[in-house]
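The values are calculated or read from the model by the stated rules, or taken from the named source; none is laboratory data. Predicted model, so just to flag it, every value in this text is computed and none were measured. Cβ placement follows ideal geometry from the backbone for every residue including glycine, while neighbour counts extend to all protein chains displayed. Only protein heavy atoms, including side chains, enter the accessible area calculation; ligands, DNA and RNA are left aside. Shrake-Rupley method; radii C 1.70, N 1.55, O 1.52, S 1.80 Å.
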Amino acid sequence: MRTVEWHNGQVRMIDQKAIPWKLEQVDLPTYQAVAASITDMTVRGAPAIGAAAAFGMALAARQSKTTSVEALLADLREASQFLKASRPTAVNLAWAVDKLMELADSGEFKNPDDLRDALLNEAQRIADEDVAINQRMGANGAVLIKDGDTILHHCNTGALATVDYGTALGVVRAAFEQGKKIHVLLDETRPRLQGARLSAWEMEQLGVSYDIIPDTAAGYYMQKGEIKIALVGADRVAANGDFANKIGTYQVAVLAKENGIPFYTVAPTSTVDLSLATGAEIPIEERGKDEVLTPYGNPIVPPHFHARNPAFDVTPNRYLSGIITENGIVRPPFIENLRRAVAGEKV
Ligand code: MRU
């Protein structure tokens, strides 16, 4: 089952708010509903929201009943802004929407129905390509995993965070499929608990050995020498290799360096934003305080207590052993080598 797909003229997605208790899909009839599902994290994970937004654009083209290409383009521009505003940090969202908008603006289409079909085909292509790219990243990264390794992982970067297969957990999956005996320590990832709820559920499905650990226990296991490698995903990688990922990633990176543990991010080149020189320019989403005070509706303190909730942090490139992409493992100097990987060169 894919995380996001086109089904009978609607966008179908797994409701990630219901996992691990229920596996259910929702069908969304409008691009506005797709944007809302990105904001409320029914669908989440950088590549998955990119694919959802691409299908959202295809939906917008069908919602628009205009009979001229010019009027359709105006409606698509409005939809593209609306979809892009649904979450700010993961660049895959803007990347996918811009790709569809570029196609729409190419001047190639004289008939609105041809444009509608082309947009759906392109969204489908982006979704299919995501799965193939994840498998390539998995194979590229699996060479770093040895038989018997324990891997530290943060947040959820598996099939649920992508269209299928996964990025950092895709590397775990590829190593497991190669027959390596591995164990994964899953940071629970407060406040939304993507590690405990989603990554552990995925490891259960695959049969990979794992333990959920409190986020605060990562340093403890590193110090004991149990962790051989740390793998995380990315929501946006700047031109110099600084990258934004789920809040808490920076702490993992610093702890890994202190303990001499290799630390990699696993990200498709669609997550690289060469327009930003450093990570300081990456917009960081702040979410509501309820996610901290009342996770999934369970109050842990009175609701009037104060809280802050940054959803991502930025890890400086000096903590990175490398960036595992579909075109190979990018190593320092990142400015030069990332550009080559984004241009499609094997690195
Ligand atoms: O807020 P989320 O759950 O969308 O954050 C997800 C992450 O930070 C992932 O690590 C990232 O999107 C890469 S997923 C392949």
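Out of all the residues in region 121-135, is one or more small (Gly, Ala, Ser) and open to solvent by 20 Å² or more (accessible area, probe 1.4 Å)? There is at least one residue in region 121-135 that is small (Gly, Ala, Ser) and open to solvent by 20 Å² or more (accessible area, probe 1.4 Å). Of the residues examined, ALA234 is not one that is within 14 Å of the ligand (Cβ to nearest atom), of a type outside the set (Ser, Thr, Tyr), in the same structural domain as HIS183 (by TED's automatic domain parsing) and in a strand (DSSP E or B). Applying the selection to region 167-201, what residues are part of a helix (DSSP H, G or I), within 12 Å of the ligand (Cβ to nearest atom) and either among the basic types (Lys, Arg) or open to solvent by 10 Å² or more (accessible area, probe 1.4 Å) (or both)? If the condition is that a residue be part of a helix (DSSP H, G or I), within 12 Å of the ligand (Cβ to nearest atom) and either among the basic types (Lys, Arg) or open to solvent by 10 Å² or more (accessible area, probe 1.4 Å) (or both), then ARG197 is the only one that fits. Give the residue that is farthest from ALA311 (Cα to Cα), with candidates limited to residues of region 1-22 that are open to solvent by 20 Å² or more (accessible area, probe 1.4 Å) and in a strand (DSSP E or B). By that ranking, first place goes to HIS7. For region 23-53, how many residues are assigned to a helix (DSSP H, G or I) and either within 16 Å of the ligand (Cβ to nearest atom) or in contact with a His (Cβ under 8 Å, 6 or more places away or on another chain) (or both)? The total comes to 14. Scoring ASP164 on the criteria (1) in a helix (DSSP H, G or I); (2) in contact with a Lys or Arg (Cβ under 6 Å, 6 or more places away or on another chain) leaves a single failure, condition (1). Has region 145-162 got any residue that is of a type in the set (Gly, Ala, Ser), in the same structural domain as ASN245 (by TED's automatic domain parsing), surrounded by fewer than 24 Cβ atoms within 10 Å (Cβ to Cβ) and away from the ligand (no atom under 14 Å from the Cβ)? For region 145-162, residues of a type in the set (Gly, Ala, Ser), in the same structural domain as ASN245 (by TED's automatic domain parsing), surrounded by fewer than 24 Cβ atoms within 10 Å (Cβ to Cβ) and away from the ligand (no atom under 14 Å from the Cβ): present. Flag: ALA58 does not match the condition of being under 21 Å from the mean Cα position of the chain (by Cα), outside any loop (DSSP other than H, G, I, E, B), surrounded by 15 or more Cβ atoms within 10 Å (Cβ to Cβ) and within 16 Å of the ligand (Cβ to nearest atom).
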